[in-house]
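I have placed the structure first, in the form of structure tokens, so that the comments after it can refer back to it.
The values are calculated or read from the model by the stated rules, or taken from the named source; none is laboratory data. All of these numbers come straight from a predicted model, not from anything done at the bench. Quick reminder, even Gly has a Cβ in these numbers, built from the backbone with ideal geometry, and neighbours come from all protein chains shown. Note: areas computed on protein heavy atoms with side chains; ligands, DNA, RNA excluded. Shrake-Rupley method; radii C 1.70, N 1.55, O 1.52, S 1.80 Å.
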Amino acid sequence: MKRGRTAGRLTTALRAVPHRLRADLWTGAAEAPLPAGGRPPAWLEWRPAIVGPLVVLGIVLLAANTNAYALRFGFGMPLAFLVAGAQAAAPVLALYRPVLAWWATTGALLLVGYVAAAGPDPSAPLPWQRSGLPAQATVLFFAALRVRPRATVEMLVLGTLAGVLANGWVSGDLRNDHVPALVLAVCALVGALLRGRQKARTELVVQEQLTAEERARRTLLEERSRIARELHDVVAHHMSVISIQAQVAPHLAENPSDELRENLRGIRQNAVEALTELRRVLGVLRAADTPSGSVPHAPQPTLDRLGELVGNVRAAGVEVTTGTTGTPRPLSPGTGLSAYRIVQEALSNAMRHAPGAGVHIAIGYLHDRITLRITNTAPDRPAPSSPGAGHGLLGMHERAAMLGGELATGPTPDGGYEVAAALPAPAASDTPSDDAEDTR
């Protein structure tokens, strides 16, 4: 039973050989396509430099083979020049069309062996060892760099058979055929190993790119989760205030009507239900990332705590100055929190990436927005390598975009770095802000 199955598999495999040979060596499907939009293999970038030595090799082969084919193998000069030219051009062609180049060398080798068998010089050199081997070995090496390993083996086997047949037509002696066969095997093996190494490096680069993209995406999600947790606290506070005010309002009015009581009761009920849903959906975000033993519901910071933040940074040895233009005014909780976080992240980046640099924080209160500008000078020493994903700028952009504001970052002409943001912050009145400046 097992013998029958084995024989059936062997028969199927043998029947598939012609189809595989046709697919690999006739249609050119075995040639590895050049990367689309990616970095090509290094040796393909060297092709312009490789062409020169191959042209020199081709000229030498053309001169030597044309003379040998015409005088010793019985070729006429036109046919000798044509066959020798095909063998000379094949190595250059192999850089771009390796399968076609292999067919050129293999066909030329068989033609030389067939014509030389009836040539006038019985002492003519064997075609596989002298005239055909250099071009054939070079083409097989470059082909192994581009085609699949299966096609490389097919080229090696068929090329060896073609060489043995060509030598057999001339002399009938197969004792010296192992030398060119070994040369072809070494060329094919080296080319296949280099191709495998290049393929592994390419896959590694692709994986590194995918990892970097996944890390950026994960960091973006983490920053959005953090923003959602902070906004949960802000919105929950306001909903709680609305609920309490709706509950107290009937006691502040004299003889409130039933309609007013009912409306206020509905407002309070809706506020309580919204607060419950908000806590159910977003409260889990805070619980997931709150370390054990910490305060889970500490008040979120705003620009009112900027002095404390600057003091901590100065205590770490960083020279920080601040400047304010316009009249400071209360900001909405979301705007105040985002402004604080942007300044905090900009200071962290300056401490991490610009050691020894001074930092200036400029805050401007305009009629309809607040502007932030955090600038650091050039560092006085190289920055040490820092762990982490390094996507703090991404979080700042997310906060500005969430509020409908703008944020720009980039190096300054003096070698420093600047973070500039503009966040919507409408004033309570239409009176323009003062232009007085307070610098500390």
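Of the residues 79, 54, the single one that is touching a helix residue (DSSP H, G or I) at 6+ places or on another chain (Cβ under 6 Å) and assigned to a helix (DSSP H, G or I) is 54. At pLDDT below 90 and open to solvent by 50 Å² or more (accessible area, probe 1.4 Å), is that true of residue 388? Judged against the criteria, residue 388 is a match. Residues in the stretch 308-367 that are closer than 30 Å to residue 225 by Cβ, of a type in the set (S, T, N, Q) and in contact (Cβ under 8 Å) with a residue 60 or more places away in the chain: 332, 335, 338, 349. Residues of the stretch 232-239 include none that is within 30 Å of residue 394 (Cα to Cα), at pLDDT 75 or above, charged (D, E, K, R) and part of a helix (DSSP H, G or I).
The residue pairs whose first member lies in the stretch 80-104 and is in contact (Cβ under 8 Å) with a residue 60 or more places away in the chain, whose second member is open to solvent by 10 Å² or more (accessible area, probe 1.4 Å) and among the basic types (Lys, Arg), and whose beta carbons are closer than 7 Å, counting only pairs six or more residues apart or on different chains, are 98/146.
Kindly establish whether residue 104 is of a type in the set (Gly, Ala, Ser), crowded, with 17+ Cβ neighbours inside 10 Å and modelled with pLDDT of 90 or more.
On the way: of a type in the set (Gly, Ala, Ser): yes; crowded, with 17+ Cβ neighbours inside 10 Å: yes; modelled with pLDDT of 90 or more: yes.
Against the criterion (of a type in the set (Gly, Ala, Ser), crowded, with 17+ Cβ neighbours inside 10 Å and modelled with pLDDT of 90 or more), residue 104 qualifies.
Report yes if some residue within the stretch 112-129 is under 27 Å from residue 191 (Cα atoms), in contact with a Pro (Cβ under 7 Å, 6 or more places away or on another chain), open to solvent by 10 Å² or more (accessible area, probe 1.4 Å) and modelled with pLDDT under 80; otherwise report no. Scanning the stretch 112-129 turns up at least one residue that is under 27 Å from residue 191 (Cα atoms), in contact with a Pro (Cβ under 7 Å, 6 or more places away or on another chain), open to solvent by 10 Å² or more (accessible area, probe 1.4 Å) and modelled with pLDDT under 80. In the set (1) out of contact with any Lys or Arg (no Cβ under 8 Å at 6 or more places or on another chain); (2) under 20 Å from residue 26 (Cα atoms), the condition left unmet by residue 128 is number (2). Taking the criterion of being surrounded by fewer than 19 Cβ atoms within 10 Å (Cβ to Cβ) and at pLDDT 90 or above, the residues of the stretch 330-361 that qualify are 358, 360.
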